[in-house]
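Notes to accompany the following structure.
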Amino acid sequence: MRDRLLAAEKVKAIDWRDGTLHLLDQRVLPFEETWHPYTTAEGVAEAIRTMVVRGAPAIGISAAYGIVLAVSDRLAEGGDWQMALEEDFDLLANSRPTAVNLFWALNRMRERLYRLKDHEDPLKVMEAEAVAIHLSDREANLTMAQLGAELIRKHQGNLQTVLTHCNTGALATGGFGTALGVIRAAHLEGMIERVYADETRPWLQGSRLTAWELVNEGIPVTLNADSAAAHLMKTKGITWVIVGADRITANGDVANKIGTYQLAVAAMHHGVRFMVVAPSSTIDMNLASGDDIPIEERDGRELLEVGGTRVGADVDAFNPVFDVTPADLIDAIVTEKGIVERPDTAKMALLMCRKRLH
Ligand code: MRU
C-alpha cells in the first residue's frame, strides 16, 4: 500500500531547494499555479499570515524552513546570532495562532539550536532538522492513510460515501494529506464511492483546493455548500465524515476549520461516523481542553467580499476561522502513533506515550 500511495502523489506545495523556500500560492489556486521564492524569515511569516501557505502541518514545516533562512541571515550579521534569532522565532510564532504544529515545529528547531555543539555547522544542522520535520510529516501521512483506511474497512467494508471539510491534502501537509490521505488510501482500496467536499466558507478551501486535488486524482467528488451537510447526511447515505485538525487537546477536543463542530453534531444525530486525522504534532498535551485553544479571527472582508467585490451589506462581520469539536462527538482520532476510538484524557495520554508506527 505504501508504494501505491507514493505512486499516487501528484501535488506538492512546499519545496526547499538550494537554500530557498518555494511555496505554491494557495490564494490563487485552482486557476493559477504560481510559486514564490522566500529567502527571509520575515517573508515566510508573511506567507503564513496571508495564507500563501496554509494547513496546520504545512505552516509548521514552512516555519521550520523560515528559521533556517533566519540562521543564515543572523550568522552573516555576526555578533550574538543565537540571541538575535529569538526575534525570528517570535515573528514566525505570531503569524497564526490556532494550529499548534507551528509552535511544535518552532520548539523543535529551538531545541536543536540549544543542543548545537562547537564543532557543528549551525546552518547545516538547522537545515537538516527542518528537512527531518518535513520528511517525518510525509511519513506520518502515509501511516495515517493506511490506519484510517483499515478503520473504515473494520467498521463498514462496503462502498463509502464520505463528507470532508476544508483542505487536508497535499496542499496542507508535507506529504499527501491527513483526512484526504485516508480518503486517498480508501479510494486505492476501492472503498470510496463518492466524496462530498464542503465548499468551506469563507476562504473556500473545499471548492478551490480539495475539489482540485481530488479531481486531479480521479477520485469522484461533488461540491456542496457548507449548509447542505446535514441534508446530505440525511439523503445521500454518508457513512463517514473525515476531517483534519489544527490542535487537539489533552482530553481529545479538536480545533479545526470553522464549521467542523456543526458537522460533528449533525453526524451524531444521523448516526454517521466522525473521524479526525492528524499527526501527533497537532496534539497539544499542555492544554486540558478545547476551551483553552486560541481561535483565530480574520478580517471580516473575507465574509463581506467575494473575489474582492463587496457582496455584503454595510455591517460588521464576525469571522472566527476555527471551532472546537468536543471529544464526545468524535468516533476516532487517527494519528501516526495509532488510533484512539472515543477519545478521552486517559486514552490521549496513553497514545502520546507510544512510539510512531513507522
Ligand atoms: O485556515 P487553514 O486553511 O490553514 O485551515 C486548515 C484546516 O483547518 C485544516 O483542516 C487543518 O489544518 C488540517 S490540514 C492537514
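The values are calculated or read from the model by the stated rules, or taken from the named source; none is laboratory data. Since we're looking at a predicted model, the values are computed, not measured. Neighbour counts run over all protein chains shown; Cβ positions are idealised from the backbone, glycine included.
Residue 290 is checked against (1) within 16 Å of the ligand (Cβ to nearest atom); (2) loosely packed, with under 13 Cβ neighbours inside 10 Å and fails just one. What number does that condition carry? Only one criterion in (1) within 16 Å of the ligand (Cβ to nearest atom); (2) loosely packed, with under 13 Cβ neighbours inside 10 Å is unmet by residue 290, namely (2). The criterion of being within 10 Å of the ligand (Cβ to nearest atom), closer than 18 Å to residue 30 by Cβ and either crowded, with 21+ Cβ neighbours inside 10 Å or at pLDDT 95 or above (or both) holds for residue 200.
Scanning the range 23-38 turns up no residue that is among the charged types (D, E, K, R), away from the ligand (no atom under 16 Å from the Cβ) and touching a helix residue (DSSP H, G or I) at 6+ places or on another chain (Cβ under 7 Å). Within the range 54-78, residues that are more than 15 Å from residue 110 (Cβ to Cβ) and touching a residue at least 60 places away in the same chain (Cβ under 8 Å) have Cβ atoms under 9 Å from residues that are part of a helix (DSSP H, G or I) and more than 16 Å from the ligand (Cβ to nearest atom) in these pairs: 61/130, counting only partners at least 6 apart in sequence or on another chain. Would you check if there is a residue in the range 189-198 being part of a loop (DSSP other than H, G, I, E, B), charged (D, E, K, R) and out of contact with any Phe, Trp or Tyr (no Cβ under 9 Å at 6 or more places or on another chain)? Scanning the range 189-198 turns up at least one residue that is part of a loop (DSSP other than H, G, I, E, B), charged (D, E, K, R) and out of contact with any Phe, Trp or Tyr (no Cβ under 9 Å at 6 or more places or on another chain).
Restricting attention to the range 155-177, the residues that are within 21 Å of residue 205 (Cβ to Cβ) and either more than 8 Å from the ligand (Cβ to nearest atom) or not aliphatic (A, V, I, L, M) (or both) add up to 16. Looking only at the range 181-197, residues that are touching a residue at least 60 places away in the same chain (Cβ under 8 Å) and either within 16 Å of the chain's Cα centre (by Cα) or near the ligand (Cβ under 10 Å from one of its atoms) (or both) come to 3 in all.
Hey, could you check the range 312-357 for residues that are touching a Leu at 6+ places or on another chain (Cβ under 7 Å) and part of a loop (DSSP other than H, G, I, E, B) and say which is surrounded by the most Cβ atoms within 10 Å (Cβ to Cβ)? Break it down stepwise before answering.
As a first pass, look at the range 312-357 and keep what is touching a Leu at 6+ places or on another chain (Cβ under 7 Å): 312, 317, 319, 332, 334-340.
Retained after the next criterion (residues that are part of a loop (DSSP other than H, G, I, E, B)): 312, 317, 319, 336-337.
Numbers: 312: 13, 317: 15, 319: 18, 336: 26, 337: 22.
Top of the filtered list is 336.
Inside the range 34-62, residues that are buried (at least 17 other Cβ atoms within 10 Å of the Cβ), part of a helix (DSSP H, G or I) and touching a Lys or Arg at 6+ places or on another chain (Cβ under 7 Å) make up a count of 2.
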